[in-house]
Amino acid sequence: MEHKHNIQQFKGQPRLPKSAVPRRYDLHLKLDLTACTFSGTEQIDLSIIEPTKFIVLNSCELEIHQVWFTNSLNQKYSPCEVVLDGDDEILVLVFEEALSVGQGVLGVEFSGALNEHLKGLYKCTYVDKGMKKNMAATQFEAVDARRCFPCWDEPALKANFKVTLDVPTELTALSNMPVIEGKLNGNCRTVYFEESPVMSTYLVAIVVGLFDHIEATTIDGVKVGVYCPVGKSDEGKFALDLAIKSLDIYTKYFSMPYPLPKLDMVAVPEFSGGAMENYGLIIYRENDMLYDELHSTASRKQRITIVVAHEVAHQWFGNLVTMEWWTHLWLNEGFATWVSYMVTDILFPEWKIWTQFLQETTDGLCLDAQEQSHPIEVDISHAHTVLEIFDAISYEKGSAVIRMLQGYIGDEVFQKSLSSYMKIYAWKNAKTEDLWSVLSEESGIQVNLIMDSWTKQKGFPVISVKSKDRTLEFDQAQFLSSGFPGDGQWIIPISLAVNSYNKCKNFLLQSKCERVDISELLSSSDNSSSSFEETNQEKNDKNLWIKVNVDQSGFYRVKYDDELTALLRKAIKNNFLSATDKFGILDDTYALCMAGSESLSSLLSLMDVYRKEVDYIVISELLDVCYSVVDISRDAIPDLVNEMKEFCINILLFSAERLGWDPVPGESHLNALLRGKVLMALAAFGHNKTHEEAMKRFQALLDDRNTPLLKADTRRAAYVAVMRNASHTNRKGFESLLSLYRESDSVQEKEHILRHIASCPDPDIVLEVLNFLVSDEVRDQDIIYGLYGISIEGRETAWTWLKDNWDSIIGKYGSGVLHSHFFISIVKPLSSNEKADEVEAFFESRTKPTFAMNLKQSIEQIRIKASSRRSVSWP
């Protein structure tokens, strides 16, 4: 009874006790891919920090068969009690007498099942000569190493790992380190890997499967291997080249070489995320690593570039220097996101990728404008809640505030600071404050005083700007999509340009309100000292304009007074502004309109100014706003929806006619990207001519799979047109699309079809598609694509289907990363307070820690949309 009472002290704790900590794991796993089970033995070198009768570590869904502990005097102890707690995922070992301070070895024999939920050590399938076979892969981040072997599953508890695997002889076995040797034993092969440097448990990785393999070596002698599905090694060449070049760039940028002898990248057929940065063994889902020069889209090429650069960046930011606790996850993900764009820009400058980075910023702004957002540095009180913060705050907002800080202190100082940070914390763990300390020392700026307001509180400001005489008045307030006032305040790096990007001013807005003299920027060549109004009048022919947040480098929104707004609109019309600033003005105006701070008529008149835009990022933003405006009009004033569609179609026709359906030899990457997006929007809005052309080209594809009439970049537009014309009485196009899916062996083609097969306006077809998505014909990982494309008309059907199938969905997909997409794609699109109440009632007894925050955010988003539909001022 005494022991049981004492064990209670370990329940409900966010972290493990530090009375014993691991130094080294010797892990031997035997995989049975027929029975889908595994067994293992581990010997863990421990340091007993203080006398204790308890050793507490993590374990989940494992059977423990035998446990022993041997101290440095070779005295062996067996626990008198072995307690597995499923709720807290801990293994408590109770000893009759206290273990003494010093070194020892903990031995554990255990076994488990290869699960089907794409976490821990899991089973996935591949096809070999027409037969479906099993393979195994791991996904341990954030807290699922404990599903594979008992361990101290916290990022700060780094250790060395010596891995040995027993696998079928015909399969390839991969882990973090190179293979030392393999020994045959009948139809089994024992593979021994080199011991790793210290790393966190979430970075340990294992893959056992059948692959083709290509490799190359960096100038520093690092072997880089790429493992692809059999017969697809050519599709791994692009990723291999990217990895080689990225390693070289990061080695120079961080002044720190890649520390392992090899880096392998493997594409597995089922994976919950896009990729995982395991030390020395990056695991990808196939369509985020494989690139076919003839059949992959321009957007896929760009996606693979960014993903590979992101995962390779983690070998430094995350693996070499690791966050101390999940509170500081953004140090991993924010920095990897930011630096992946830097590498992409170096490799493909013609892509203008930093302009596209603004889409990352916007994603962060959208989530952070909710009451149910969270700070970048967020308290994690339970392991089950960690996955919820792998979101737009940790990634997109994190990377955006890094870019803002870099712009404020300068590129050179920023790079030098990161190099110092890497040297100081290599092989260690760090907190946000540690990075600020290094940056402060190198720059001479008290970085924490500026950045704490951005990382320790949720939200961001909207800056109201008014012109008065020769000054500008700045007033900051927290921006909320609901339109309600917030109470946050920030120290804000402000940038502004007056009539020219050569006439700029930068300063810190440190109070709620501030007036800034812009006399120098307003002065004409004869140094006259006229007022702002007089200068404006005199220079009217020169189109005076003032833009705040130059190139959208700051993580905030800007609201201008009427006079400044009119000047900017004229500057847009006359093409005086950069693409990034034109993007920012439209994005801010849209957000302010949805929050009730701008009228819809004002937004529509601004959209019209962008009619003849040619820049990719500006038109992309225009497309997003068009989709949203049509969506809002459908719910708020259904009678106006067709008129709104026509308005959007007319705005987009210039781009559509300029780009056409067919690629032009030698055209830019950005034009190739844009063509499909514009045609897809026109198809979604029901443009007759686009539908006719799309259906004609789709038929050509059915007649000839290699037709030049429907290239990879425009197929998605055709698929949208097909499904928008499908119904339960006209199923031909729908069934043809299903046939294409079933016959294709291209994971990227399957993705394109899944993304739009639910876009049909007929709820009966949508219901049929939803049931298809959860069938055995669609891999579990691919559910996210199908959910993404549910039509507006199918929202109610999808919500009813979700409620009817909730228990089976939980059983099939578990509570991991995939789970969140059901909220994003089915719950969030609902748009009335009645539906929000319904969602709350349904989940009242079904909410789990793994999705509690996601659910609250979804419900808030529904209520925000309901409010917007009431408050938006219609023309």
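Values for this structure:
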{"item": "Contour excess over end-to-end distance, with Cα ends at residue 695 and residue 775 and 0.36 nm allotted per residue", "result": "26.0 nm"}
{"item": "Dipole magnitude of segment 1-208 about its Cα centre (Cβ charges: Lys, Arg +1; Asp, Glu -1), debye to nearest 20", "result": "400 debye"}
{"item": "Distance (nanometres) between label positions extended 7 Å along Cα→Cβ at residue 212 and residue 599", "result": "6.2 nm"}
{"item": "DSSP-loop trypsin sites (Lys or Arg not before Pro) across segment 589-685, with at most 16 other Cβ within 10 angstrom", "result": "611, 612"}
{"item": "Simple Cβ-charge dipole of segment 352-455, Lys/Arg +1 and Asp/Glu -1, about Cα centre, in debye nearest 20", "result": "400 debye"}
{"item": "Sequence-distant residues sharing a close amide H with residue 494 (under 5 Å, placed H)", "result": "507, 508, 509"}
{"item": "For residue 264, distant residues with modelled amide H under 5 Å away", "result": "225, 281, 282"}
{"item": "In segment 141-201, GluC sites (Glu not before Pro) in a DSSP loop with at most 10 other beta-carbon atoms within 10 Å", "result": "170"}
{"item": "For the chain, with +1 on Lys and Arg beta carbons and -1 on Asp and Glu, the positive-most of 854, 756, 329 along the dipole", "result": "756"}
{"item": "Helical contribution to [θ] at 222 nm, DSSP H n ≥ 4, -39,500 (n - 2.57), averaged over the chain, rounded to 500", "result": "-12500 deg cm²/dmol"}
{"item": "Top positive-direction residue, dipole computed over the chain with Cβ charges, set 287, 57, 47", "result": "287"}
{"item": "Calculated FRET value between residue 96 and residue 381, using beta carbons and R₀ = 51 Å, to 0.05", "result": "0.95"}
{"item": "Test item: Cα-centred dipole of the chain, Lys/Arg +1 and Asp/Glu -1 on Cβ, debye", "result": "700 debye"}
{"item": "Listed residue (297, 231, 307) projecting farthest to the positive dipole end of segment 211-316, Cβ model", "result": "307"}
{"item": "Aspartates and glutamates whose Cα lies under 17 Å from that of residue 352, excluding same-chain neighbours fewer than 8 positions away", "result": "360, 551, 581, 613, 615, 621, 667"}
{"item": "Of 30/162; 133/262; 119/223; 158/431; 570/612, those spanning more than 20 Å from alpha-carbon to alpha-carbon", "result": "133/262; 119/223"}
{"item": "Answer label for Cα Rg over 2.2 N^0.38 Å (calculated), chosen among (i) 1.54; (ii) 0.98; (iii) 1.19", "result": "(ii)"}
{"item": "Alpha-carbon centroid distance for the pair segment 377-407 / segment 243-310, whole angstrom", "result": "22 Å"}
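All of the numbers you see were taken from the coordinates with simple rules; none came from a lab. Bear in mind the structure is a predicted one, so any value in this text is a computation, not a measurement. Neighbour counts run over all protein chains shown; Cβ positions are idealised from the backbone, glycine included.
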